[in-house]
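A short worksheet on the structure shown next.
The values are calculated or read from the model by the stated rules, or taken from the named source; none is laboratory data. Predicted model, so just to flag it, every value in this text is computed and none were measured. With ideal geometry, Cβ positions are generated from the backbone for all residues, glycine too; neighbour counts draw on all protein chains shown.
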Amino acid sequence: MEVTGFCNIKCKHCYNFWRGDWLDKDYSDNVHSSHMTLDTANKLFSEIKKHKIKSIVITGGEPLLNYKIVKHLLILAKENHINMSMNSNLTYINDQIARELKELGLRRILTSFMVHARKCTNW
């Protein structure tokens, strides 16, 4: 479930590589327009419950840029016994956010790290 289209990093290995163009321009006014709204989150979650979906991955862009919606979705998932995981570059995580995510039932975060040593990459 994509909670935002915006990301703060331009990873060469990202499946959303085309979004890196946003970092080359001043898109600060458009960041929030790419965020999932509370209304959309509620509508999507209603469909998820209706279709008895048992597992959801929160994605983006960078999901932690829309942390309010991430927390809302985790609360809904916990109430409905739906497993949640998240794909994140973790650049916005801190101790408080990590604790909150854990308390809200998030058990898995998929991340990756850029390697800057030329001998370790093919780009």
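For segment 47-94, give me each residue that is polar (S, T, N, Q) and out of contact with any strand residue (DSSP E or B) (no Cβ under 7 Å at 6 or more places or on another chain). Quick ask: steps written out before the conclusion?
Taking segment 47-94 as the starting set, the residues that turn out to be polar (S, T, N, Q) are 55, 59, 66, 80, 83, 85, 87-89, 91, 94.
Passing the criteria: 80, 89, 91, 94.
For segment 97-112, residues that are in contact with a Lys or Arg (Cβ under 8 Å, 6 or more places away or on another chain) and among the charged types (D, E, K, R) total 1. Selection of segment 33-78 for residues being among the polar types (S, T, N, Q), closer than 24 Å to residue 7 by Cα and out of contact with any Ser or Thr (no Cβ under 7 Å at 6 or more places or on another chain) yields 33, 37, 40, 42, 55, 59.
For every residue, the table says whether it meets (1) assigned to a helix (DSSP H, G or I); (2) modelled with pLDDT under 95; (3) surrounded by fewer than 15 Cβ atoms within 10 Å (Cβ to Cβ).
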| position | (1), (2), (3) |
| --- | --- |
| 20 | yes, yes, yes |
| 33 | yes, yes, yes |
| 40 | yes, no, yes |
| 52 | no, no, yes |
| 58 | no, no, no |
| 65 | yes, yes, no |
| 69 | yes, no, no |
| 74 | yes, no, no |
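Looking at 100, 79, 62, just one residue is among the acidic types (Asp, Glu) and within 17 Å of residue 38 (Cβ to Cβ), and that residue is 79.
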